[in-house]
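Shown next, in structure tokens, is the structure this report addresses.
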Amino acid sequence: MKNNGSKSISTKKLLPKCPTGIQGLDEITGGGLPRGRPTLVCGGAGCGKTLLGAEFLVRGAAEFGEPGVLMAFEETEKELKANVSSLGFDLEGLVRRKKIVIDYVHIERSEVQESGEYDLEGLFVRLGHAIDSIGAKRVVLDTLEVLFASLPNEAILRSELRRLFRWLKGRGVTAVITAERGRESLTRHGLEEYVSDCVILLDHRVTDQIATRHLRVVKYRGALHGTNEFPFLIGEEGISVLPITSLSLNHKVSAERIATGIPRLDAMLGGRGFFRGSSILLTGTPGTGKTIISCNFAQAAALRGERVLFFSFEESPDQIIRNMQSIGLRLEPLVKRGLLRFHSARPSLYGLEMHLATMFKEIATFKPHVVIIDPITSLMGSGSDSESKGMVTRLIDYLKAGQVTSLFTSLTEGGHALQQSEAAMSSLMDSWLLLQDYEGNGERNRVLYVLKARGMAHSNQIREFLISDHGVDLVDAYIGPSGVLTGSARAAQGALEKAALLTSQQEAARRKRELERKREAIERQISVLRSDYESETMELRRIDEQVGTSALMLTTERTASGILRQADAKEVARTHSRSRNGKKKS
């Protein structure tokens, strides 16, 4: 059983795919449309069906070497060439080089009604000849409604539709067939979506006076595909689909750190700044200095020789450059050197998807190292919360995939520094800085602190944010009994502390002088006592000398006296001796 299972898995064949070359669409479909099978593209008016089919043919011929046939029932060859050229495609050149054949088929409704019969055999002959003339691998039919609009008999219509799709499969061409959307079904006839191997639904909707286009792969036989609804855009380079679910968390990371341009802020981040390729959120109320910090960050990166792309949705480039000159930032030379590029647009100019596509295009063209969006909240107001978060997610993942460092500024309302939208968006960010106003003593002052910084040590203290003619700086905020002291209160507190320090220094100097006087007095006393001691010592020495002299004289006298006494003793002894001798004789 296991061997059979493994054998069946190993012999599994993937469905052959035909790449469209349309940005994002191949990613959603897992490689392109089913090769050799018909794909139905349906939608309302103005959603881009014809342009999708035309781009499918143009990119197939230009990029993949697959010639194609475009059979149109509404627009003439001249009109198609003019319309497609607006996307930058040289359809006329491809036709001239026999890479693409355009066949305009005019069908008159009245003629079909008069004959009462309708047969696609002539269409097959005409289409087959066009395919054989250039060896076409791709075919686009635009659109089915014109082809079958004159058929009142639903049975014949269904039969001819099936016949058309079988004929296309039999020729082995990858076909794109456009159809208008019905009221209660994907198409007007309600049959095309069932006989097609792949069905793509295009939608053009208007929400809050902003038009957006969306694409959804409704059906794809034999292959996995993205099932969500994806926004897409029609720009100067064709159609661009913006997939959401296809983005995965597999981007590489860097251990390199980059400076912010504000030394004290770098010190709060461990002395080295942010990680390269990380996403940074800077939130604050109006006037707290978000754009100033962003411009410092931009200047620091440009001075390192890195390219910086600055998206502004509130100020023009000239206004930003002029305003930054007031604090000593010179951005104009960086713009002229090609290191700094501004892109300014009003958020209401178009929807989220168009803004996102425009940013993708600018990023792909300029290839920046740092991207700044100021402010991201202006764009988020153009869509729902889910749409806004999806846009930010796609943008962050796109930038991280290219190791591009991104800085997003976010405008918060006064008194609501941590709103729900910012808190939700902050979960996508690697670092979060918060700027706030502190009111007191009749003035407002700015403070900054780091709410989070993934993967790095950072300060948890509040710093006062100062803006002057010489630039910006962060200073330590005083913590007083009533809270954080900033501005004049901080200056007053600093003056008080300096005065207290001066008083302490003066008191210490006074005590030092007093101690010096005491030391000198003590030394004088010691000198007097030492003098008295020396005098008494000399007196005692004199007395000792006198005593010694007296003792010596006394000893001498005693010696002399003893000598005399010894002489007398000898005489007395002799007298006694004579006396005893006389007595014996008698």
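Using R₀ = 30 Å, calculate the FRET efficiency as 1/(1 + (r/R₀)^6) where r is the Cβ-Cβ separation of T537 and R558; round to 0.05. Working shown, then result.
Values: r = 31 Å, r/R0 = 1.03.
For R0 = 30 Å, the calculated efficiency reads 0.45.
A straight chain from R162 to T575 at 0.36 nm per residue would run longer than the Cα-Cα distance by 129.8 nm.
Electrostatic tally near I234: other residues with Cβ closer than 15 Å to its Cβ, Lys and Arg +1, Asp and Glu -1, net 0.
Placing a label point 7 Å from the Cα of R454 along the Cα-to-Cβ direction, the residues of the range 264-306 with a backbone N closer than 14 Å are 275-281.
The slack between Q505 and V335, meaning 0.36 nm per residue of separation minus the straight C-alpha distance, is 55.9 nm. Distance between the modelled labels on Q525 and Q319, one decimal in nanometres: 8.1 nm (7 Å Cα→Cβ projection).
Do the alpha carbons of any pairs in K99/K389; K17/K49; K78/K137; K17/K81; K252/K452; K81/K361 sit beyond 32 Å of each other, and which pairs?
Details: K99/K389 43 Å; K17/K49 20 Å; K78/K137 23 Å; K17/K81 27 Å; K252/K452 21 Å; K81/K361 25 Å.
Exceeds cut-off: K99/K389.
With both labels modelled 7 Å from their Cα along Cα-to-Cβ, the L349 to R513 distance reads 7.3 nm. Computed on protein heavy atoms with a 1.4 Å probe, the accessible areas place H204, H343, H106 in the order H106, H204, H343, largest first. For the pair Y104 and R171, a Förster radius of 22 Å applied to the C-beta separation gives a FRET efficiency near 0.60, rounded to the nearest 0.05. Summing +1 for each Lys or Arg and -1 for each Asp or Glu among the other residues whose beta-carbon sits under 12 angstrom from that of T20 gives -1. Modelled this way, with points 7 Å down the Cα-to-C-beta line, the labels at K13 and E497 are 8.0 nm from one another. In this view, the solvent-accessible surface of E387, computed with a 1.4 Å probe and all protein chains in place, comes to about 80 Å². Computed extension length for A364-V547: 54.2 nm, one decimal, from 0.36 nm per residue of separation with the Cα-Cα distance subtracted.
Measure off, as a whole percent, the carbon and sulfur share of the 1.4 Å-probe accessible area of the range 257-476, all protein chains present. If you can, show how the numbers build up before the last one.
Working: 4430 of 8930 Å².
So the carbon and sulfur contribution to the accessible surface is 50 percent.
Solvent exposure of the range 257-476 amounts to 41 Å² per residue of accessible area, where only protein heavy atoms count and the probe is 1.4 Å.
Between the beta carbons of R126 and N228, assuming R0 = 56 Å, the FRET efficiency works out to 0.90 to the nearest 0.05.
The values are calculated or read from the model by the stated rules, or taken from the named source; none is laboratory data. These figures come from a predicted structure and were not determined experimentally. Don't worry about glycine lacking a Cβ; one is built from the backbone with ideal geometry, like all the others, and counts go over all protein chains shown. These accessible areas exclude ligands, DNA and RNA; they are computed on the full protein's heavy atoms, side chains included. Shrake-Rupley method; radii C 1.70, N 1.55, O 1.52, S 1.80 Å.
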